[in-house]
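Contents: one structure, followed by commentary.
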Amino acid sequence: MAALTWTREKTVKNLASRRWRHIAAIALFACLAGSLITNAFAQGRGEEKFSNLPRFAPGSLFEPQSNYVLMQDFGKRAHSNVRILVPPANPFAKAQTSAGTPPFAGYFYETPASLACVYGLVSTTVAGCNPNLTATNVVTGSRSIALVDAYDYPGAKSDLATFSSQFGLPAPSSANFRVVYATGVKPPSGVHSGWDLEAALDLDMAHSLAPRAKIYLVEAASSSLQDMFQAVRKAASLVAADGGGEVSMSWGSGEFATEGFYDSAMATARIVYFAAAGDSPGTLYPCTSPNAVCVGGTGNSRNAATGVFQGNVAWADTGGGTSSYEARPNYQDGIAGIIGARRGVPDIAAIADPRTGVWIYNAAWAGSCVGNSGWCIVGGTSAATPVMAAIVNSAGRFPSSSAAELSLIYSTLGAAGAGWSDVTSGACGFYDGFAAFRGWDQCTGIGVPQGATSFKVVIMP
């Protein structure tokens, strides 16, 4: 009996000991998991870096850390709007190697020349604007475009040089390219956070469609809205000193009640501000500001076998809708029956769907995009925003403000040959509740740019 009692007591003690070990292990796992989650969702703080970049299977879409949208960041922090596509296995494509460079035969992702062709900005004889065959680039652009992003992108100039060399664009130099620290002090590095990929996308798209414009990359100290708008003001001062131009803001924050406080940061004379509509249903600030041209997203439908361009379609993931806080500006009175008393967005649209995405280069992302190169296929309204800023810049004339630009844009609504192609296919929003239809809609605004000549005459004052 004594032995049996001891055995039972020992068994109970052993069970208790194991139970406590299990509890301790679970607690440790919870702490580690919590730390990982905290790190993963520490959006755009700059301190968190990926020691090893993620690797995804062919056909995958993924988003960088800088894209994470947290409720507690609304009105406090900005997030980027860039998505990465790992290209799928394609029976029409040749094998890729780590040494390969785009465009790859059989893959029909957009190049600077194919975008210029699709938007009618150049004369070309290539049927369907096939990215593998189209080689005619835009050669215009003047004055300046400032791109505002968070954190430092140390590879900015060298990566842009690689991109430019590959696609026959002017090389970045002290005369046409400059990195500016918004505070005068170099920000923390944004490498691998996603903000460096965002900046690469901004630079490559702006330089692609306005290659003669001077490009400023203005780096904010962090992704806080206070720091971002400090960078916006710095960007505007640089562009204004050059005689006017564009400021591109391809980031945003969920709307918040006091957002109108920042509207005055986008009111510098002879500057047109462009903002991204976002990559999920709903509205973002500063896109909803009456002082910014809000850019939504489309896809470039192509024949999968031939690469022939088939038309623009609304991107299902683009942001858009009616602002919760900003009043309808006068230039939108003509669509009051759709949007009511508040600001409707977007105003216009351009390429954003990563499934029909654009080529960019960022050496730090080698291994996560295409093979072991730094070439990436990306999308998001972070592509559409600098694309539109560059197209307006290349038009060669500069309005007095964003409101002046928007007044002219809306004055062309429904006019034939007014420099815009109406998008009438596709849907976006919650439950795909917004359809792309004739005229203005919440997915694509009044449409996508079409034609260099008509755009220059009608859209710019």
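For this structure, a couple of remarks:
- Once both labels are positioned 7 Å from their Cα atoms along Cα-to-Cβ, the gap between D432 and V185 label points is 5.1 nm.
- Electrostatic tally near A363: other residues with Cβ closer than 12 Å to its Cβ, Lys and Arg +1, Asp and Glu -1, net -1.
- Value of relative contact order over segment 288-427, rounded to a whole percent, pairs C-alpha under 8 Å and six or more apart: 28 percent
- Counting only residues at least eight positions apart within a chain, or on another chain, the aspartates and glutamates with an alpha carbon under 12 Å from that of K214 are D242, E246.
- Neighbourhood net charge (14 Å Cβ-Cβ; Lys/Arg +1, Asp/Glu -1) for L406: -4
Computed from the coordinates by the stated procedures, all read-outs in this text should not be read as laboratory data. Note that this is a predicted model, so its numbers are computed, not measured. Cβ atoms come from the backbone with ideal geometry, glycine included; neighbour counts cover every protein chain shown.
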